[in-house]
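Every number in this text was worked out from the coordinates using simple rules, so none of it is lab data. The shown structure was predicted, so the numbers you read here are calculated from the model rather than taken from an experiment. Positions of Cβ are backbone-derived with ideal geometry, glycine not excepted, and every protein chain shown enters the neighbour counts.
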Amino acid sequence: MRRMLKRAQRGFTLIELMIVVAIVGILAVLAIYGVRKYLANAKTAEARNSLGQVAKDQAAEYEKEGMQTTVLPQGSVAALSRQLCGNEPSTTVPTTLTNIGGKKYQSSAADWNAGAATTPPSGFACLKFTMDAPQYYAYSFIGSGTGTGSFTATANGDLNGDAIYSTFSITGSINSSYVLNIAPNMLEINPEE
C-alpha cells in the first residue's frame, strides 16, 4: 500500500516535459508561418483586384464609341472610333517605388488624374480608375494604338521592406478583327515579397 501511495504522488519526468515543450514549439512555428502567409495573401489581393479592375476599365473604354463632336453628314461614313487609353504623361502612382517599400502610400486624386488634361484623356484618367484607400503597391499603365494596339498594367510592391519587389502584370491587345483580348491570367513574380 505504501508503495502505491508513493507512486501516485510522482510528477512528470524531465523528458516528458521536454517532449511537451518541443510539440508546443513546433505548433507555434506552424501557426506563425500560417498567419504570415495569410496576411501576405490578403495584401497581395489588393494588386490582383486593382489590376483586374484596370483591365475591365480598359475593355469598357475600348468598346466606347469616341467620335468627333461635329455632325456626320448624310451619306458619309465615320472611321472606326474605338481606341485604347494612352500613357502620356507617365502614369505611375506613386511615382517612386521607395514610397511603398514596407509601408503604405496614400494617393491623392491628382495622382490618378495626371492624364486628364490631354485630348483624349490618357492613363488612369482615361480609365477612370482611382484608389481612395492607402495602397501597398505602385501602379503603372502603358497603353497605345487604335489598330493593333496593346496595354500593360503593372503593380509593384515591397511588403516586407527588403528592397525585393513583387510584380503583378496583366496585358491585353487588339487582334486583327479589332477585338480587345485580355490575358486570362496575371503574371506574378515574387508575389509575397
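Miscellaneous remarks
- Rough spin-label spacing in nm, given labels placed 7 Å along Cα→Cβ, for S90 and K103: 2.1 nm
- Inter-probe distance in nm under a simple model that places probes 7 Å from Cα toward Cβ, at L72 and T118: 2.6 nm
- Alpha-carbon spread of segment 100-193, three principal axes, descending order, Å: 44, 30, 17
- Spatial separation of Cα centroids for segment 11-45 and segment 120-193, in angstrom: 38 Å
- Helix 14-63 axis, angle to the chain major axis (alpha carbon atoms, nearest 10°): 10 degrees
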